[in-house]
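Following: one structure in structure tokens, then a few remarks.
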Amino acid sequence: MKLRKSLQTRRKFAIDQKSRKGHAKAAALKVMPPASGTAAAMNAERVRAMSLTKEERTRTVAEQQDQLADNINSILQLVHANQRDPTKAELLADVLNADSDRQRFFADLPRTIINYNKLLRIQCVQGKKDAFLETLKCIQIEGFQPDQYTYSHLFVGCGVVKDLPLLEGFHRELLLDSARLKPNVKTFGSLVSAYISIGGALALDKAFWVVERDMKDRKIMPNHVIGTSLVHGCMKNRQALRGLDTFDLLYRSGFIDPDPVTYSAIINCCSKLYEAERAVRYFDEMTLRGLIPTQTTFHSIIFCLARRYDKHIEAFKYFEMMKASGYMPTLESYNAVMHACAVAGNTYMAIKIFESMKKMNDPSVLPNELTFQNLFQSLAVGQRGKDVHTRHAFVIQTDVFFREMIAKDIPPTVNTMNKYLQSFTTARRVKSALMIFDSFFAKYGLTPNIETYRHLCEMFAGARRFNLLMKCWDDLKTMKDLQERDTLTVMHGCLKTKNVRKAVDILRESKEECGVAVRNENIKTLIYYCRNSAPALLPEIAEICPPPVVTAWFKPGRTVYDKFHGRKPKTSIPQTGL
């Protein structure tokens with residue numbers, strides 16, 4: 001018993017002596033003469049470091065590394081979602097404006113792996129490929145071993161410079177040394193975000209491979225940054241349906257909780273698929289979760305509704321809801337609402353919004369080229385079903401707005417010229433449209449694209465100008481993005497001028513030369529014309545089109561049209577091949 005008490009007394013005395021020495025050393029450091037500038041900061045850092053225990057030092061290092069990783073994830077989320085968050089924007093601006101020179105960076109700092117990671121972070125976010133590769137080489141020369149945070153910064157740098165082979169190399173190094181590095185969800189989040197930043201179908205598949213194989217093998221669950229990046233990548237690569245499936249898998253299954261940035265990305269995917277009802281459900285679900293919609297979320301839902309003719313009125317509802325939530329409408333907001341007017345042909349509202357934008361005297365919301373494109377489209381679509389005088393007035397108004405755009409020093413692009421031309425082609429102003437096509441495109445140095453020839457073909461077909469239609473078809477069939485509707489437009493123009501033989505030739509040229517096959521359900525009009533005026537062409541149509549579907553439509557000697565109207569056929573259809 002006495003021996004135990006004596007041991008306890010000695011241990012207590014030793015601890016008191018140690019603490020007194022520590023306090024004396026700290027007091028001696030505190031009374032050091034004050035230094036100025038960087039030296040004072042270094043002295044304060046030394047005092048703080050000496051007063052920490054070993055466990056506290058380890059915990060401090062881990063907290064600094066985690067803070068660096070959180071900053072990187074915040075920056076990636078800001079870049080991907082285009083979110084205007086002031087805090088994240090200031091963080092990104094500080095990193096982009098930081099000094100990335102290695103000699104000046106280590107002038108007053110010790111060369112440790114933590115400080116090297118800080119330098120790598122600056123160089124990678126700034127996209128200085130040669131600089132961060134040289135820094136990585138210096139880390140290895142000085143005997144430091146790259147950790148998981150080093151690779152996180154390198155992944156970000158590869159995503160900024162869009163170097164897929166370099167990113168794949170760092171990815172392989174991470175997996176080969178994963179036992180020592182012990183990558184976590186933030187490391188894999190940087191890797192997935194880098195693949196998404198590079199873009200392309202191959203990089204997107206690699207990103208999904210990271211989640212489905214690498215993270216699953218290590219039993220690491222994805223976070224909301226990874227989920228948002230995958231959905232955003234699917235939207236960029238026009239795989240909106242895959243993005244919706246990813247959302248349902250990650251969020252509906254309860255793995256992670258979505259945030260407003262995720263909902264903005266998934267609503268954009270719905271916009272690509274024209275699923276306005278689904279987008280509204282996601283928006284309502286977000287509000288039920290207690291999440292506050294951001295301005296980007298409102299822009300996404302407004303544009304999604306604006307793309308649907310039957311939902312364009314609801315776009316104005318969400319526009320007013322955005323203003324009621326305290327967000328000032330931006331140029332993007334006004335253009336989204338103008339697009340709703342353009343799709344629906346609501347010329348009155350389009351002009352009213354355009355005039356209100358000019359009266360604001362705010363340089364940030366002045367009409368740009370996209371605003372004029374929507375204005376021209378609304379004037380073109382609004383002509384449908386109108387009389388000749390109304391169409392003429394719309395054409396004059398279009399010309400006035402085009403001159404105003406040129407006066408504002410806004411150079412037109414091919415898309416703008418196509419919207420401007422569409423107003424004249426819808427009104428069937430053949431001479432004016434040909435003048436625009438021959439003079440204006442050359443004047444502004446623009447090359448007509450497939451959309452230009454589509455508008456001209458629709459005008460020539462409606463005006464029954466067969467010779468001009470055939471010239472336009474010769475140019476149109478050389479385009480790469482030829483679609484079925486283009487072939488049908490030219491075929492109907494031929495049928496209006498009773499050139500049935502030429503319509504069948506165009507059907508064959510479209511399939512053999514352009515590789516665009518017209519579906520059988522879209523050639524009923526052609527078969528009807530052949531049935532009544534050129535029955536000898538029916539076997540040729542049967543060779544071009546798959547015969548089983550045609551056989552289901554027409555019984556020998558009788559057409560669907562004749563059967564519906566109770567008429568007897570004028571001639572019999574050959575049963576062979578049909």
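The values are calculated or read from the model by the stated rules, or taken from the named source; none is laboratory data. All values derive from a computational prediction rather than experimental measurement. We place every Cβ from the backbone using ideal geometry, glycine too, and count neighbours over all the protein chains shown. With ligands, DNA and RNA removed, areas are computed over all heavy atoms of the protein, side chains included. Shrake-Rupley method; radii C 1.70, N 1.55, O 1.52, S 1.80 Å.
Counting only protein heavy atoms and a probe of 1.4 Å, the accessible surface of region 293-343 is 60% carbon and sulfur. Between N532 and K471, the C-beta separation translates, for a Förster distance of 30 Å, into a calculated FRET efficiency of about 0.60.
With protein chains left intact and a 1.4 Å probe, residues in region 243-398 average 45 Å² of accessible area per residue. Multiplying the residue separation of A201 and S325 by 0.36 nm and removing their Cα-Cα distance gives an extension gain of 40.9 nm. Remark: C-alpha extents of region 313-429 on the principal axes read 46, 32, 23 Å, sorted largest to smallest. Taking max minus min of the alpha-carbon positions on each principal axis, region 259-304 gives extents of 26, 17, 14 Å, largest first.
Region 374-422 to region 129-207: how many Å between their Cα centroids? Here the answer is 50 Å between Cα centres. The convex hull drawn around the Cα atoms of region 378-430, when projected onto a plane and averaged over every direction, covers 3.5 nm².
Using a 1.4 Å probe over the heavy atoms of the protein chains, calculate the carbon and sulfur portion of the accessible area of region 437-501 as a whole percent.
47 percent
Over all alpha-carbon pairs of region 175-321, lay out the pair-distance distribution in 5 Å bins, whole %, shortest bin first. P(r) over region 175-321, rounded to whole percents: 2, 10, 19, 21, 17, 13, 9, 5, 3, 1, 1, 0.
For N184 and L288, what does the FRET efficiency come to when R0 = 30 Å and r is the distance between their Cβ atoms, rounded to the nearest 0.05? The formula returns an efficiency of 0.40 here.
When Rg and the Kirkwood radius Rh are both evaluated on Cα atoms of region 273-362, their ratio Rg/Rh stands at 0.98. If R0 equals 35 Å, the separation of the Cβ atoms of D130 and T413 corresponds to a calculated FRET efficiency of about 0.50.
Once the Cα-Cα distance is subtracted from the 0.36 nm per residue extended length, the K496 to R172 segment shows a gain of 110.3 nm.
Evaluate Rg over Rh across region 406-554, taking Cα atoms for both radii and Kirkwood's formula for Rh. Display every interim value, and only then the final one.
Numbers: Rg = 17.4 Å, Rh = 16.5 Å.
Ratio of gyration radius to Kirkwood radius for region 406-554: 1.05.
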